[in-house]
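Trainee: Let me give you the structure first, and then I'll get to my questions.
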Amino acid sequence: MLNGKTAIVTGSTSGIGMAIAAALAAEGCDVMLNGFGDAGQIEQLRAGLAERHRIRAGYHGADMTRPAEIRDLVATTVRQFGGVDILVNNAGIQHVAKVVDFPDEKWDAVLAINLSAAFHAAKAALPHMLGRKWGRIINIASAHGLVASGEKAAYVTAKHGLVGLTKVIAIEAANGGVTCNAICPGWVLTPLVEQQIAARAAAQGIPVAQASADLLREKQPMLDFTTPEKIAALAVFLCGDGASTMTGAALSIDGGWVAQ
Ligand code: NAD
């Protein structure tokens with residue numbers, strides 16, 4: 001379905017981003033990976049995707065807190081693959097603390113990676129998409145882009161902002177062949193959430209399995225984690241022709257979290 005297209009997926013060395021990169025590659029899309037991690041493992045991931053799906057795969061180590069590196073990620077992708085058709089703004093971090101205890105540097109980092117990075121990447125990629133009159137920008141927001149929880153000031157602020165940015169880009173690009181949508185997952189079992197579960201288990205002196213069940217019960221009517229592959233399937237749908245008039249939407253995939 002996506003033969004000949006090129007995608008950048010930020011934060012694709014782990015979790016949801018890795019699943020999205022693999023799903024796009026399975027549709028014949030060339031992919032530029034990004035994110036931190038062990039160099040050998042990243043190269044294995046890159047080479048594995050290229051070989052398995054007979055696509056071109058690259059890796060760029062841009063730090064999403066640095067606008068110049070984000071611009072270089074887009075420029076390098078255009079140089080290597082001839083363009084950028086799909087941008088998935090996925091890289092994200094979390095920090096949990098009450099507002100009064102929230103470290104300033106954590107606030108700055110969460111806002112930079114989860115929100116400002118999407119602005120800088122979209123700003124750099126949009127001219128290439130509009131030039132070809134085809135593009136898809138997918139922002140991985142969160143249920144926390146639509147509702148709040150305590151102790152997540154920076155994350156909730158960034159994700160609400162990302163949903164706002166999604167709408168602005170959608171309006172501006174509406175007649176340029178480019179759509180922009182946000183995906184708002186509930187709980188997905190990735191390293192980002194595993195850390196939170198481990199911290200809760202340690203703080204409360206309970207087994208990890210119980211902390212995990214408590215986490216789900218607290219927020220979701222449906223007591224199951226969404227898998228990264230299901231988020232990826234939604235991203236692939238948004239890249240298809242069936243979604244060509246879907247734009248500016250914040251799509252929940254959250255086990256009923258925000259239905260309450
Ligand atoms: P993860 O920790 O498994 O992966 C995060 C990725 O971002 C990694 O590849 C990491 O290397 C990369 N990254 C972190 N800081 C970076 C930086 N400065 N520059 C470049 N890359 C950086 O997390 P995940 O759960 O897969 O999260 C992916 C996205 O999904 C995030 O935006 C997160 O907020 C969102 N999300 C996750 C959940 C969930 O339950 N896991 C729910 C809703 C939304």
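Trainee: Quick one: plug the Kirkwood hydrodynamic radius of the stretch 87-147 (C-alpha pairs) into Stokes-Einstein at 37 °C, 0.692 mPa s, and report D in µm²/s.
Mentor: 248
Trainee: Work out which trypsin sites (Lys or Arg not before Pro) in the chain are exposed loop sites (DSSP not H, G, I, E or B, at most 12 other Cβ within 10 Å) and give the longest gap free of them.
Mentor: Looking at the chain, 134-260 is the longest stretch - no exposed trypsin sites (Lys or Arg not before Pro) with at most 12 other Cβ atoms within 10 Å.
Trainee: Let me ask you something else. What is the local net charge at Gly61, summed over the other residues whose Cβ is closer than 13 Å to its Cβ (Lys, Arg +1; Asp, Glu -1)?
Mentor: -3
Trainee: Need one number for the stretch 1-95: average projected area of the convex hull over its C-alpha atoms, nm².
Mentor: On the way: hull surface 22.9 nm².
In nm², the orientation-averaged hull projection of the stretch 1-95 is 5.7.
Trainee: Quick check on the chain: what are the equivalent-ellipsoid semi-axes from the Cα gyration tensor, as sqrt(5λ), descending, whole Å? Display every interim value, and only then the final one.
Mentor: Working: eigenvalues 170, 78, 66 Å².
With the √(5λ) rule applied to the chain, the semi-axes are 29, 20, 18 Å.
Trainee: Give me the aspartates and glutamates in straight-line cross-link reach of Lys219: C-alpha distance below 13 Å, same-chain residues under 8 apart excluded.
Mentor: Straight-line reach from Lys219, under 13 Å: Asp254.
Trainee: Could you tally the net charge around Ala173, taking each other residue with its Cβ under 15 Å from the Cβ of Ala173, Lys/Arg +1 and Asp/Glu -1? Write out the running numbers ahead of the final one.
Mentor: Values: positive: Lys123, Arg132, Lys133, Arg136, Lys167; negative: Asp85, Glu172.
Cβ neighbours under 15 Å give a net charge of +3.
Trainee: Place +1 on the Cβ of every Lys and Arg and -1 on the Cβ of every Asp and Glu in the stretch 48-192, take the dipole about the Cα centre, and give the residue among Tyr155, Pro127, His60 whose Cα lies farthest towards its positive end.
Mentor: Result: Pro127.
Trainee: With a cap of 12 neighbouring Cβ atoms within 10 Å, and only residues DSSP puts in a loop, list the chymotrypsin sites (Phe, Trp or Tyr not before Pro) found in the stretch 1-86.
Mentor: Of the chymotrypsin sites (Phe, Trp or Tyr not before Pro), the ones in loops of the stretch 1-86 whose Cβ has at most 12 other Cβ atoms within 10 Å are Phe36.
Trainee: Here is a further query. Bin by bin, in steps of 10 Å, what percent of the Cα pairs in the stretch 76-117 do you find, going until the bin that has the longest distance?
Mentor: 25, 34, 23, 14, 5
Trainee: Which of the lysines could be linked to Lys167 by a straight reach, that is with a Cα gap under 22 Å, when you skip same-chain ones fewer than 8 residues away?
Mentor: Lys123, Lys133, Lys159
Trainee: Another question, then. What size of dipole, in debye to the nearest 20, comes out for the chain about its Cα centre when the only charges are +1 on Lys and Arg C-beta atoms and -1 on Asp and Glu C-beta atoms?
Mentor: That gives a dipole near 560 debye.
Trainee: Comparing Thr245, Thr65, Thr157, which has the greatest mean-square fluctuation in the GNM of the chain with Cα pairs linked when under 10 Å apart?
Mentor: Its mean-square fluctuation being the largest, the pick is Thr245.
Trainee: Here's another thing I want to ask about it. Would you work out the charge dipole size for the stretch 32-91 about its Cα centre, treating the Cβ of every Lys and Arg as +1 and the Cβ of every Asp and Glu as -1, and quote it to the nearest 20 debye?
Mentor: Numbers: 7 positive and 7 negative charges, 43 e Å.
So the dipole magnitude of the stretch 32-91 works out to roughly 200 debye.
Trainee: Run the numbers on the stretch 1-57 and let me know its relative contact order in percent, using alpha-carbon pairs under 8 Å that are six or more apart.
Mentor: On the way: 92 pairs, mean separation 20.7, N = 57.
Relative contact order comes out at 36 percent.
Trainee: How many angstrom lie between the C-alpha centres of the stretch 174-249 and the stretch 53-70?
Mentor: Spelled out, the Cα-based centre of one part sits 23 Å from the other.
Trainee: Between Ala201, Ile253, Gln94, whose Cα lies farthest towards the positive end of the dipole of the chain when Lys and Arg beta carbons carry +1 and Asp and Glu beta carbons carry -1, centred on the Cα centre?
Mentor: My answer, from the dipole projection, is Ile253.
Trainee: Take the alpha-carbon positions of the stretch 49-202, form their convex hull, and give its projected area averaged over all directions (one quarter of the hull surface) in nm².
Mentor: On the way: hull surface 42.1 nm².
Orientation-averaged projected area of the Cα hull: 10.5 nm².
Each reported figure results from applying straightforward, stated rules to the coordinates on display, with no laboratory input. Keep in mind the model is a prediction, meaning the values are calculated, not measured. Positions of Cβ are backbone-derived with ideal geometry, glycine not excepted, and every protein chain shown enters the neighbour counts.
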